[in-house]
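**Q** Structure below; questions to follow.
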Amino acid sequence: MRRKEWAYRNLILGVEFDKYLIDHPELAAKIPNGSTLVLLPEYDRELYQANLKLAQKKIDKGEKVVFVRIKTLAPARSRIVRPRIEYAA
């Protein structure tokens, strides 16, 4: 169960990071091609340690690894603007 939970939390974090890169392409330019990106959420010590452990395996194999330390996530909220409820006649 723990691995599934980590995978889910990494999926959410990855989506949020992708959104961030769309808004901040200058950060994407700093990531070398062919490298493995490892997200280290400082607000989630368990996931941080799990991701660090996975990264170390890649480093030990001689692969390029880039760490992205993430301080926190802002609260999730909807981007929907002015929804209206309409009833069918």
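**Q** Among Y48, V66, V15, whose Cα sits farthest toward the positive end of the charge dipole of the chain (+1 at Cβ of Lys/Arg, -1 at Cβ of Asp/Glu, about the Cα centre)?
**A** Result: Y48.
**Q** With an 8 Å Cα cut-off and a minimum separation of 6 or more residues, compute the relative contact order for the chain in percent.
**A** Relative contact order for the chain comes out at 27 percent.
**Q** Sort E42, E86 from largest to smallest accessible area, using a 1.4 Å probe on the heavy atoms of the protein chains.
**A** E86, E42
**Q** A further question follows. Where in the chain are there trypsin sites (Lys or Arg not before Pro) that are in a DSSP coil and have at most 14 other Cβ atoms within 10 angstrom of their Cβ?
**A** K30, K61, K64, K71, R77, R79, R84
**Q** Here's a follow-up. Might you tell me the accessible area per residue for the chain, computed with a 1.4 Å probe and given in Å²?
**A** 87 Å²
**Q** Looking at the stretch 17-61, which chymotrypsin sites (Phe, Trp or Tyr not before Pro) are in a loop (DSSP not H, G, I, E or B) and have at most 10 other Cβ atoms within 10 Å?
**A** Y43
**Q** By how many degrees, between 0 and 90 and to the nearest 10, does the Cα long axis of helix 2-23 differ from the longest principal axis of the chain?
**A** The answer is roughly 70 degrees.
**Q** Can you compute the helix-only [θ] at 222 nm over the chain? Use -39500 (n - 2.57) per DSSP H run of at least 4 residues, normalise by all residues, nearest 500 deg cm²/dmol.
**A** -15000 deg cm²/dmol
**Q** So, with a 1.4 angstrom probe, what is the percent of accessible area on the chain that is carbon and sulfur?
**A** The C+S portion of the solvent-accessible surface of the chain is 56 percent.
**Q** Another question, if that's okay. Just the Cα atoms of the chain: what Rg and Dmax do they give in Å?
**A** For the chain, the Cα-based Rg and Dmax read 17.4, 66 Å.
The values are calculated or read from the model by the stated rules, or taken from the named source; none is laboratory data. Model, not experiment: these values are computed from the prediction. Counting neighbours? That spans all protein chains shown, and the Cβs are built from the backbone with ideal geometry, glycine included. We work out accessible area using only protein heavy atoms, side chains counted, and drop any ligands, DNA or RNA first. Shrake-Rupley method; radii C 1.70, N 1.55, O 1.52, S 1.80 Å.
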